[in-house]
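For reference, the structure is listed below as structure tokens.
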Amino acid sequence: MRRYSYKVEFFPIEEVQVEKEIDTERIEETLNSYAGRGWRLGQIALCGQLGLICVFEEEEAGE
């Protein structure tokens, strides 16, 4: 059975929204940072007017 570790990253909407657009560069930078450390994006969700939530997962090493 596979085991995973999870991390959650929250981007408050006021920090990533530039005028009426989302600052994709900042989000991509974070995604690439996690990917470089072996994490993959498991889920992403927009929480109304609060912000963007990203859930990253990493498969734990087998015993």
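The numbers here are math on the coordinates, done by the rules we state, and not lab data. Just so it is clear, the model here is predicted, and its values are computed rather than measured. Counting neighbours? That spans all protein chains shown, and the Cβs are built from the backbone with ideal geometry, glycine included.
General observations
- Here the chain is assigned +1 on the Cβ of each Lys and Arg and -1 on the Cβ of each Asp and Glu. Its dipole about the Cα centre then comes out at about 280 debye.
- The computed mean projected area of the Cα convex hull in nm² for the structure shown corresponds, within (i) 4.7; (ii) 3.7; (iii) 4.2, to (i).
- Applied to the stretch 42-54, the Karplus parametrisation 6.51 cos²θ - 1.76 cosθ + 1.60 on θ = phi - 60° returns per-residue 3J(HN,Hα) values of x, 8, 9, 8, 9, 9, x, 9, 7, x, 10, 10, 10 Hz, with x for Gly and Pro.
- Computed from phi, the 3J(HN,Hα) profile of the stretch 19-27 under the Karplus parametrisation 6.51, -1.76, 1.60 (θ = phi - 60°) reads 6, 10, 10, 8, 6, 5, 4, 5, 5 Hz, with x in place of Gly and Pro.
- Each residue in TYR34, TYR4 was given a count of other beta-carbon atoms within 10 angstrom of its own, and listing them fewest first yields TYR4, TYR34.
- Most positive-pole-ward Cα, LEU31, PHE10, LEU41, against dipole of the chain from beta carbon charges: LEU41
- For ASP23, the residues whose modelled amide H falls within less than 5 Å of its own, excluding neighbours fewer than 5 places apart on the same chain, are GLN17, VAL18.
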